[in-house]
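Below is one structure; the comments refer to it alone.
The values are calculated or read from the model by the stated rules, or taken from the named source; none is laboratory data. The model shown is predicted, which means the values in this text are computed figures rather than measured ones. Every residue, glycine among them, receives a Cβ derived from its backbone with ideal geometry; neighbour counts consider all protein chains shown.
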Amino acid sequence: MAEPQRARPKPTPETQHFWDGTKAGELRLQRCDACAHVYFPPRPFCPSCASRKVSVFKASGKGFLYSYVINHRPAAPGFAPPYAIAVVELDEGPRMMSNIVDCPQTPEALELNMKLEVAFEALDDKITLPVFRPAKG
Amino acid sequence: MRRNQVAVVGAAETTELGVVPNASQLQLHADAALNAIADAGLKLSDIDGFATAVETPQQVCHYLGIKPTWVDGTSVGGCSFMLHVRHAAAAIEAGLCKTVLITHAESGKSMIGKLPRSIPADSLQGQFEAPYGVYGPPSMFPIPVLRFMKTYGITHEQLASVAVVQREWAAKNPRAMMKDPITVADVLNSRMIAYPFRLLQCCLVTDGGGALILTSADRARDFPRKPVYIMGTGESVETPMVSQMETFNSSRAFKVAGPLAFKEAGIAHKDVDHLMIYDAFAHLPLFGLGDLGFMPYEETGKFIADGNTRPGGKLPLNTNGGGLSYMHSGMYGMYALQESVRQMRGIAPAQVPNAKISVCHGVGGMFAASGTIVFTNER
Ligand SMILES: [Zn+2]
């Protein structure tokens with residue numbers, strides 16, 4: 001029997017650029033050409049001023065640990081508990097949910113405000129997930 | 001909306017609460033509805049307005065045999081029923097209907113006839129949250145709490161005390177699921193569910209339901225029960241994605257809905273005799289006390305740990321035992337409303353003496369939505 005797999009995202013026309021980006025090793029965000037607001041998740045207009053003139057850009061991939069839980073039970077398919085479900089605040093402003101890799105999944109190791117940097121985890125030949133690890137240096 | 005123009009004239013829970021393996025979810029709706037109709041001394045044919053959540057109005061109306069002229073299927077999670085009360089009051093005032101029935105029921109434990117909840121892989125949640133291992137409310141709802149604790153200096157012991165105090169209230173309620181006393185140490189030694197929360201800081205999972213009947217305050221005088229007036233109401237939504245909340249230091253939906261209800265009621269915090277804050281998890285009463293403006297966020301944990309919300313305390317909170325100890329079928333808002341109505345009628349098992357104003361504050365989803373109702377028993 002196949003191992004249960006973690007939930008696979010399915011891109012829509014509005015989010016395809018994001019998933020094309022992660023596959024190419026880039027974390028892509030959007031910025032409003034009218035008011036400079038940077039936002040996430042993707043959409044083809046600015047949620048701050050409603051302008052449809054928006055641009056996709058490559059984000060720094062840097063941020064910090066805003067909050068998290070360490071999930072023990074029930075565990076999602078494809079996850080071995082305990083595992084942290086984190087929210088990362090990016091240097092550009094938006095926050096995103098993620099996992100923290102290359103780091104013990106403990107309260108002692110997972111300090112709020114710790115600096116993080118993006119890493120990429122290929123789930124299959126279509127989808128690569130952005131995850132975060134403690135920033136080097 | 002004008003205050004005290006609409007009243008609750010019928011209120012009841014399902015005949016049984018807890019584990020009810022002999023009824024489907026739809027039948028639990030009907031059981032609660034029939035109990036509320038009997039409580040109000042009405043016939044089914046008197047009902048001309050209907051609201052429910054998760055199940056559709058057409059499903060429940062057909063099952064019950066109701067022919068409504070006004071329906072509301074607002075379904076924003078566990079506080080949907082607060083929104084139904086608000087919408088029903090407006091509809092009655094506008095003359096769209098005269099007598100509204102609001103039902104909730106969920107076969108949360110036995111899962112009989114329960115509608116499946118799934119997250120499509122191409123939804124925003126499916127793309128940007130589900131892949132990171134979120135799996136049901138325990139893995140999502142507590143995500144903001146570590147940030148909230150750090151910002152305001154809230155301790156693990158204070159968050160544990162929420163469960164301890166509510167168990168004290170539950171001990172006074174014969175229908176509460178969990179009545180044995182617990183200590184802060186018991187809470188902090190219970191099984192880890194999603195750090196920082198342990199089993200006793202997470203809501204129960206049960207079967208049950210409840211129903212309310214509302215009509216105009218002028219008609220309410222002719223009903224058998226003491227009318228409970230709708231004094232003020234508020235509602236809002238923020239985001240279905242907990243990761244996308246504006247901040248983890250407060251809930252935007254709470255901060256819109258709560259103050260709206262207070263303003264409409266024309267009351268100050270010192271006027272509140274009884275308070276319900278939907279407690280799916282132990283941090284919610286702290287968010288509620290802060291977001292509704294009862295005190296600075298920094299003081300919320302100490303306020304509860306010091307015993308101010310326990311029986312005999314100055315602000316009786318979650319007097320049925322709450323979602324942590326009374327019951328939680330999945331959408332607890334209806335049970336919070338039922339307890340507010342009991343307190344205003346003066347018939348609650350853990351009655352607050354001479355209570356005249358009750359504030360009932362609900363959450364939907366993981367801080368996704370909110371609804372607040374201010375009740376009074378004086379017109
Ligand atoms: Zn803009």
Would you pick out the residues in segment B:185-195 that are surrounded by 17 or more Cβ atoms within 10 Å (Cβ to Cβ) and in contact with a helix residue (DSSP H, G or I) (Cβ under 6 Å, 6 or more places away or on another chain)? B:VAL187, B:SER190, B:ILE193, B:ALA194
Here are the criteria: (1) outside any helix (DSSP H, G or I); (2) more than 14 Å from chain A (Cβ to nearest Cβ); (3) closer than 27 Å to B:ALA368 by Cα. Tell me which single one B:MET178 does not satisfy. (3)
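If you scan segment A:39-48, which residues turn out to be more than 6 Å from the ligand (Cβ to nearest atom) and either within 15 Å of B:GLN127 (Cβ to Cβ) or within 14 Å of another protein chain (Cβ to nearest Cβ) (or both)? Give the derivation first.
Taking segment A:39-48 and keeping what is more than 6 Å from the ligand (Cβ to nearest atom), we get A:39-45, A:47.
If the condition is that a residue be more than 6 Å from the ligand (Cβ to nearest atom) and either within 15 Å of B:GLN127 (Cβ to Cβ) or within 14 Å of another protein chain (Cβ to nearest Cβ) (or both), then A:TYR39, A:PHE40, A:PRO41, A:PRO42, A:ARG43, A:PRO44, A:PRO47 are the ones that fit.
Has segment B:273-282 got at least one residue that is farther than 26 Å from B:HIS328 by Cβ and of a type in the set (Asp, Glu)? Full working, then the answer.
The first filter runs over segment B:273-282 and keeps only residues farther than 26 Å from B:HIS328 by Cβ, leaving none.
Among the residues of segment B:273-282, not one is farther than 26 Å from B:HIS328 by Cβ and of a type in the set (Asp, Glu), which makes the answer no.
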When (1) more than 23 Å from B:HIS283 (Cβ to Cβ); (2) acidic (Asp, Glu); (3) exposed (fewer than 13 other Cβ atoms within 10 Å of the Cβ) are applied to A:GLU108, the one that fails is (1)
Leading residue by the ranking (nearest to the ligand (Cβ to nearest atom)) among those in segment A:17-37 that are within 14 Å of chain B (Cβ to nearest Cβ) and among the aliphatic types (A, V, I, L, M): A:LEU29
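Assigned to a loop (DSSP other than H, G, I, E, B) and surrounded by fewer than 24 Cβ atoms within 10 Å (Cβ to Cβ): does that describe B:ASN320?
Numbers: assigned to a loop (DSSP other than H, G, I, E, B): yes; surrounded by fewer than 24 Cβ atoms within 10 Å (Cβ to Cβ): no.
So B:ASN320 does not fit the description; no.
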For segment A:92-115, indicate whether the set of residues that are farther than 22 Å from A:LYS10 by Cβ, over 13 Å from the mean Cα position of the chain (by Cα) and in a strand (DSSP E or B) is non-empty. yes
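Within segment A:49-93, restricting attention to residues that are within 16 Å of the ligand (Cβ to nearest atom) and on the phi > 0 side of the Ramachandran plot, which residue is farthest from the other protein chains (Cβ to nearest Cβ)?
Our first condition is that a residue be within 16 Å of the ligand (Cβ to nearest atom); within segment A:49-93, this holds for A:49-57, A:92-93.
When the remaining residues are screened for being on the phi > 0 side of the Ramachandran plot, the result is A:50, A:93.
Working: A:ALA50: 18, A:GLY93: 12 Å.
Looking at the filtered set, the residue picked out is A:ALA50.
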Determine if segment B:240-256 includes at least one residue that is more than 28 Å from B:PRO196 (Cα to Cα) and either crowded, with 22+ Cβ neighbours inside 10 Å or not small (Gly, Ala, Ser) (or both). no
When segment B:293-315 is examined, which residues are found to be in contact (Cβ under 8 Å) with a residue 60 or more places away in the chain and either touching a strand residue (DSSP E or B) at 6+ places or on another chain (Cβ under 9 Å) or of a type in the set (D, E, K, R) (or both)? B:GLU298, B:LYS302, B:ILE304, B:THR309, B:ARG310
Report the residue count in segment B:122-149 for those that are farther than 25 Å from B:LEU284 by Cβ and either at pLDDT below 95 or surrounded by fewer than 16 Cβ atoms within 10 Å (Cβ to Cβ) (or both). 1
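Determine whether A:VAL69 is at pLDDT 95 or above and surrounded by fewer than 19 Cβ atoms within 10 Å (Cβ to Cβ). Please lay out each step first, then the result.
Values: at pLDDT 95 or above: yes; surrounded by fewer than 19 Cβ atoms within 10 Å (Cβ to Cβ): no.
Criteria not met by A:VAL69.
For residues that are surrounded by fewer than 24 Cβ atoms within 10 Å (Cβ to Cβ) and not in a loop (DSSP other than H, G, I, E, B), tally how many sit in segment B:350-375. Lay out the reasoning, then the answer.
The first filter runs over segment B:350-375 and keeps only residues surrounded by fewer than 24 Cβ atoms within 10 Å (Cβ to Cβ), leaving B:350-357, B:365, B:368.
Add one more test, that the residue is not in a loop (DSSP other than H, G, I, E, B), and what stays is B:357.
Total satisfying the criteria: 1.
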Could you list, ordered by first residue, the pairs with Cβ atoms under 6 Å in which the first is in segment A:54-72 and over 27 Å from A:ASP33 (Cβ atoms) and the second is more than 16 Å from the ligand (Cβ to nearest atom) and of a type in the set (S, T, N, Q), at least 6 apart or interchain? A:PHE64/A:ASN113; A:ILE70/A:GLN105; A:ASN71/B:SER139
The condition of being among the β-branched types (Val, Ile, Thr), within 30 Å of B:GLN25 (Cα to Cα) and more than 14 Å from chain A (Cβ to nearest Cβ) holds, among B:THR206, B:THR239, B:THR183, only for B:THR206
Looking for whichever is surrounded by 23 or more Cβ atoms within 10 Å (Cβ to Cβ) and away from chain A (no Cβ under 14 Å) here; the options are B:ASP279, B:ASP222, B:ASP218, B:ASP271. Which one fits? B:ASP279
I'd like the full set of residues that are closer than 18 Å to B:LEU115 by Cα, surrounded by fewer than 22 Cβ atoms within 10 Å (Cβ to Cβ) and modelled with pLDDT of 95 or more, limited to segment B:32-59. B:THR56, B:PRO57, B:GLN58, B:GLN59
The residue from A:GLU14, A:GLU117, A:GLU108 that alone is away from the ligand (no atom under 16 Å from the Cβ), modelled with pLDDT of 95 or more and closer than 15 Å to B:GLN127 by Cβ is A:GLU14
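Go through the residues of segment A:32-55 one by one and say whether even a single one is in a strand (DSSP E or B) and in contact with a His (Cβ under 6 Å, 6 or more places away or on another chain). Talk me through it step by step, then tell me what you get.
Within segment A:32-55, the first condition is being in a strand (DSSP E or B), and the residues that meet it are A:32, A:38-39, A:54-55.
After this cut, where a residue has to be in contact with a His (Cβ under 6 Å, 6 or more places away or on another chain) as well, the list is none.
No: zero hits.
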State whether one or more residues within segment B:4-20 are among the hydrophobic types (A, V, I, L, M, F, W, C), in a helix (DSSP H, G or I) and farther than 21 Å from B:GLN343 by Cβ. no
